[in-house]
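The structure appears below as structure tokens.
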Number of protein chains: 2
Amino acid sequence: MTATLADLAAQLRIDSIRCTTAAGSGHPSSSMSAADIVAVLFEKYLRFDFQRPHARNNDRFVLSKGHACPVLYSAFKAAGAIDDRELLSLRKLGSRLEGHPNPHVLPLVDVATGSLGQGLAIGVGMALTARMDGLPFRTYVLMGDSETAEGSVWEAFDKASHYQLDNLCAVIDVNRLGQSRETELGWNVEAYVARARAFGWHAIALDGHDLNAIDRAFAEAQAKKGQPTCLVCKTEKGRGYSLIANKDGWHGKPLPEDKAREAIGELGGERNVRIQVAKPDAVKGARQDAAAALTLPTYEAGEKVATRKAYGDALLALGNARPDVVALDAEVSNSTYSDEFHKAHPKRYFEMFIAEQNMVSTAVGMAVLGKKAFVSTFAAFLSRAYDQIRMAAVSNATIHLCGSHAGVSIGEDGPSQMGLEDLSMMRAVSGSTVLYPSDANQTAKLLAQVMECQGITYLRTTREKTPVLYPATEAFPIGGSKVLRHSGDDVATVVAAGITLHEALKAYEQMKREGLTVRVIDLYSVKPVDMKTLHKAARETHGRLVVVEDHWAEGGLTDAVLEAFMGERERLPTVVRLAVTKMPGSGKPAELLSAAGIDAEHIVECVTSLVEGSPRGAARGGTPEWGHTHA
Amino acid sequence: MTATLADLAAQLRIDSIRCTTAAGSGHPSSSMSAADIVAVLFEKYLRFDFQRPHARNNDRFVLSKGHACPVLYSAFKAAGAIDDRELLSLRKLGSRLEGHPNPHVLPLVDVATGSLGQGLAIGVGMALTARMDGLPFRTYVLMGDSETAEGSVWEAFDKASHYQLDNLCAVIDVNRLGQSRETELGWNVEAYVARARAFGWHAIALDGHDLNAIDRAFAEAQAKKGQPTCLVCKTEKGRGYSLIANKDGWHGKPLPEDKAREAIGELGGERNVRIQVAKPDAVKGARQDAAAALTLPTYEAGEKVATRKAYGDALLALGNARPDVVALDAEVSNSTYSDEFHKAHPKRYFEMFIAEQNMVSTAVGMAVLGKKAFVSTFAAFLSRAYDQIRMAAVSNATIHLCGSHAGVSIGEDGPSQMGLEDLSMMRAVSGSTVLYPSDANQTAKLLAQVMECQGITYLRTTREKTPVLYPATEAFPIGGSKVLRHSGDDVATVVAAGITLHEALKAYEQMKREGLTVRVIDLYSVKPVDMKTLHKAARETHGRLVVVEDHWAEGGLTDAVLEAFMGERERLPTVVRLAVTKMPGSGKPAELLSAAGIDAEHIVECVTSLVEGSPRGAARGGTPEWGHTHA
């Protein structure tokens, strides 16, 4: 050893105090309870090349209790990965050391943590990746005791044992004290052990400040086969400084200068312990299947195919072409059609059962280790994982989500199964791409592009079979749209996507018979949106846009259209929205589209009254000043 | 007994088949596995007055596996609450019997189910309500085995034992088969028992088709003190019809006519068993504290008070005035300030620890039994419960959410703790009310009105202390706004709310010094939004609106403003948005507001360039055609 573990642990506590006191905020006490665990792990077990943090064979360490990052940053300093000056930049603008770990700025961490209860599920994804790739690296996850109240933690416990992940080791830092009070289970470590065992884990209770006990426990975990191991460590929050040790009221509070000096003295004074974290072996025998040419499924115009089926077909095609494509589903693969991928690539399909939060975080764990992760369930149930999706964006991860059964058009199952807020939810994710195809060829073409996107992507699919509108040769750039109907004397534009596009086309035919021609735009790319085409339509169709969406009124297609007209020199056109505004029930898809006022009949009615009711009565004539504002 | 239980159970199976075959969709097999359990419960244990479904002393039954509603509707028929004709209207447009139970149309159920894993948490809320009100009714929750994969289920198991809810009984229908495959645990009922026990429950494994065993288990549950009881019932999906019993591939599939006839024959033919469900005793000794006058906290203009603190003060005031007010928090009550309510009303405060999903569903359980439930945590972490919030709206429940620590202005903690999608998330909830106060008096006045609102309400609060802007006497109607600065020659309007309103006021002073006067609107009511005031501002300030929000660009304040200008006769103004567009980091609040481009400096810069860059160069002059379009 390069230094005694006790010295190292003392230094981790001291540095955790120093950087939080310098920052004037942060979590020294939560760091101090974990210092002995981190010291033993980094000094004796973790195999990590700090020069190559993304090396495929590095062990993985996820600090699920992200607020304790001072102890992690202090360990990075002891390992020589950062210097003392950087350590003391904690929480300052521009520092790589944020209040919670963030790979956007700090490549030494794989994922962002800070929303509690997500680290173990991410670890499950990393451990599954090691298994998939035949790599020997181990994944360690350090959790707080408070965060075990999150159900997502038990979803992850469940999946880890289901997949027999003996390359995964969880550590619970049972420091007994939460933010405002004692935790539910306090120091009842046996209760944690019982829960972990009931969920299929090997579990060990130990004194989290006994360096030898910690050492033995990590060794036991490493030796355990066929089961993941959980170390339940009884610790003291603020351990090492008598003023705050195991005392309530010190959560998330830095020590004032004088107390910091006192604490450092009590801890034996500043040190400069350096550790050599062992490097992993070079990757041997890792599977490296070559990529093949991508052959997307194609569909004949007029054929009736549900876009969810096209998603399944296209996902299978991506899987055939690329060995790094993986698929996860929440036990509805026969509805989302990810089961086609499952049948063809069982080793790269992961059944996550009905646990959407864990599914998304597990996909993040795979994605940050290089997998192209495709995640599918009903659009409505992705709302279950919104925090995990939000955090995936903070992690700068790239995952590909597909939500099926969107909108009232699913029919008889009723509102609990209808995705009606998914576009709003996904548009408000940082850096997201949001797509809503209306036909099978378009779905396949978009999914192929999705695979090349960075960040969070979302594809919305429809339950109902709809006619194929586009030839298989058509291109659908992300950020584009399709003008399906237009003429020199369009009196208005109907903007639609997905199921409502088919209603718009029916409405077009009906209005045409009545001598009214409208422009019809397929706005399949909801984010980014095709401003140019929308602006042109506004100019050329008298500034009249009718937007039709199978979604709640707020945050969806219409808002995307309205935003397209923002900006210093823009004037928005007359925009009329047809969207779902009252709670739908059960019924036939066509009945529910009608009841929601988003079917062809309602589009015709809306366009007609918009044109006739035109303020300047210029029913089918132009609106001169409109031209001006866009001149 | 009015009929043998076996006959009743057979009838429930037969009617479940009849109504789903008539509907052409639905879940007979999942209903048939639960028929014996439902028969015994309704015939021998449930005390419910079907003439008065909302009677305070009725037992409560929550069908968490909502897709099995055919067996519930069949039990309603046997109890005489609906007739056979209505039963056969299942899943048809306009029927009260939707594909999943929905109290919007069917008052016999308290909550909507269908998004799995939420029923037990709702049951926890109901059982806590009985405890609170000193009422003897019991709460029964019937779960599927597949849904126990949802972490929210274990959050509820945990809370139920934490609160020693011996008036709560959970039943798991372990029919082994999920939608697409066998469940993780299959028929390993002992594994379910071990998990329930590890989470502090009394648990009993039994044969879910042995009527006497079910009877004994319910009796044991009723007798058990100090602990909730879980019945783990080993059952067969499709039990009663040999063609589908315990066979995969029959999930969510109605029987064709001929098979239905065959099944009914195998089950002994149609019956007309009627049961008399016992009525509960009249309510005795229930607490009925009288309401007192509401005395809201008041604050002096100029005083610096965080709106989150005003929320805590006002919540305390509501609790002092109204005995039906309850508060729930996810272990951050010393940050949201709900701890003030906790100290004053410990029996009406419920610590939900770090389990946001359970917190929201538990509040729904309390709300549907008449409580005014106020739920608080960080805005960012409400995203954890988005599915539960969505379902609360489907349940037609009224709950009051408060999200604190909104936006980048929280400072050093960084993006994982920043609520930046909450306005988008909450606006897209059916029938929601979304409020974002900027000052302490406004916060208190809005919260008092929130208590009278129906549906899901959301109040967004700020971590930072901000100056009090309004006198305590000021009124803030929901759907209104405040024009804080205006003059006859305003060159533009700045629309802001919460923290950005204070930046807008600073920007106003700076521009005024430069001879540029702008209108400043406090848009505290984000949904519904004050269209009238926005339209007037557009007319009177040259159609120039700058919207400033501490939120991601999509779905928030700006979209609310843009939507205000939709409609047949409207032309929208020039709208410029200042919002958060790149991932924030750690830093001081002022530094992060500046880095995000939403502080006073950026507002000044934006307004100036908007005015100077005006297409018709009419910098400070009017824009005539603007007047026209609004004439």
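For the reader, a short list of remarks on this structure follows.
- Reported count of residues in the stretch A:17-73, each being under 17 Å from A:H209 (Cβ atoms) and not in a helix (DSSP H, G or I), is 3.
- Taken over the stretch A:175-204, the residue count meeting the criterion of being in contact with a Cys (Cβ under 7 Å, 6 or more places away or on another chain) and at pLDDT below 95 is 0.
- Among the residues of the stretch B:468-481, some residue qualifies, meaning at least one is touching a helix residue (DSSP H, G or I) at 6+ places or on another chain (Cβ under 7 Å) and either surrounded by 24 or more Cβ atoms within 10 Å (Cβ to Cβ) or within 30 Å of A:R91 (Cα to Cα) (or both).
- Any hit, the stretch A:175-190, residues being buried (at least 24 other Cβ atoms within 10 Å of the Cβ), in the same structural domain as A:P136 (by TED's automatic domain parsing) and touching a strand residue (DSSP E or B) at 6+ places or on another chain (Cβ under 6 Å): no
- Check on B:L446, in contact (Cβ under 8 Å) with a residue 24 or more places away in the chain and within 30 Å of A:G407 (Cα to Cα): no
- Residues of the stretch A:11-49 that are open to solvent by less than 10 Å² (accessible area, probe 1.4 Å), at negative phi and small (G, A, S): A:S16, A:S29, A:S30, A:S31, A:S33, A:A34, A:A35, A:A39.
- Taking the stretch B:443-466 as the range and being assigned to a helix (DSSP H, G or I), open to solvent by less than 10 Å² (accessible area, probe 1.4 Å) and not β-branched (V, I, T) as the test, the residues that pass are B:A444, B:L446, B:L447.
- Answer residue from the stretch A:78-120, given it is crowded, with 24+ Cβ neighbours inside 10 Å and part of a helix (DSSP H, G or I) and is farthest from the other protein chains (Cβ to nearest Cβ) among those: A:A78
- The condition of being touching a Ser or Thr at 6+ places or on another chain (Cβ under 6 Å) and either outside any loop (DSSP other than H, G, I, E, B) or not assigned by TED's automatic domain parsing to the domain that holds A:A9 (or both) holds for only one of A:A205, A:A221, A:A213, A:A196, that being A:A221.
- The one condition in (1) more than 13 Å from chain B (Cβ to nearest Cβ); (2) free of Cβ contacts under 8 Å to residues at least 12 places away in the same chain that A:R348 fails to fulfil: (2)
- Selection from the stretch B:343-357 of residues that are within 22 Å of the chain's Cα centre (by Cα) and either of a type in the set (G, A, S) or assigned to a helix (DSSP H, G or I) (or both): B:R348, B:A355, B:E356, B:Q357
- Residue among B:A492, B:A440 that is among the aliphatic types (A, V, I, L, M) and either open to solvent by 20 Å² or more (accessible area, probe 1.4 Å) or more than 14 Å from chain A (Cβ to nearest Cβ) (or both): B:A440
- Boolean, A:A363 is in a strand (DSSP E or B), more than 7 Å from chain B (Cβ to nearest Cβ) and among the small types (G, A, S): no
- None of A:G370, A:G312, A:G319 is within 30 Å of B:Q417 (Cβ to Cβ) and among the small types (G, A, S) except A:G370.
- Among residues of the stretch B:485-513 that are under 14 Å from B:L469 (Cβ atoms) and assigned by TED's automatic domain parsing to the domain that holds B:P589, those with a beta-carbon under 6 Å from a residue that is open to solvent by 10 Å² or more (accessible area, probe 1.4 Å) and basic (K, R) at least six positions away or on a different chain give the pairs B:Y508/B:R485.
- All conditions but one from (1) at pLDDT below 95; (2) touching a Ser or Thr at 6+ places or on another chain (Cβ under 6 Å) apply to B:P28; the one that does not is (1).
- Within the stretch B:123-146, considering residues that are within 14 Å of chain A (Cβ to nearest Cβ) and hydrophobic (A, V, I, L, M, F, W, C), the one farthest from B:T235 (Cα to Cα): B:V124
- Test: residue in the stretch B:268-275 that is in contact with a Ser or Thr (Cβ under 6 Å, 6 or more places away or on another chain) and closer than 29 Å to A:K65 by Cα: no
- Candidate set: the stretch B:147-174, residues that are assigned to a loop (DSSP other than H, G, I, E, B) and more than 9 Å from chain A (Cβ to nearest Cβ); chosen: the one most open to solvent (accessible area, probe 1.4 Å): B:Q164
The values are calculated or read from the model by the stated rules, or taken from the named source; none is laboratory data. It should be emphasised that the depicted structure is a prediction, and the values quoted were computed from it without experimental measurement. Using ideal geometry, Cβ is built from the backbone for each residue, glycine included, and neighbour counts are taken over all protein chains shown. Note: accessible area is taken over every heavy atom of the protein model, side chains too, but ligands, DNA and RNA are not part of it. Shrake-Rupley method; radii C 1.70, N 1.55, O 1.52, S 1.80 Å.
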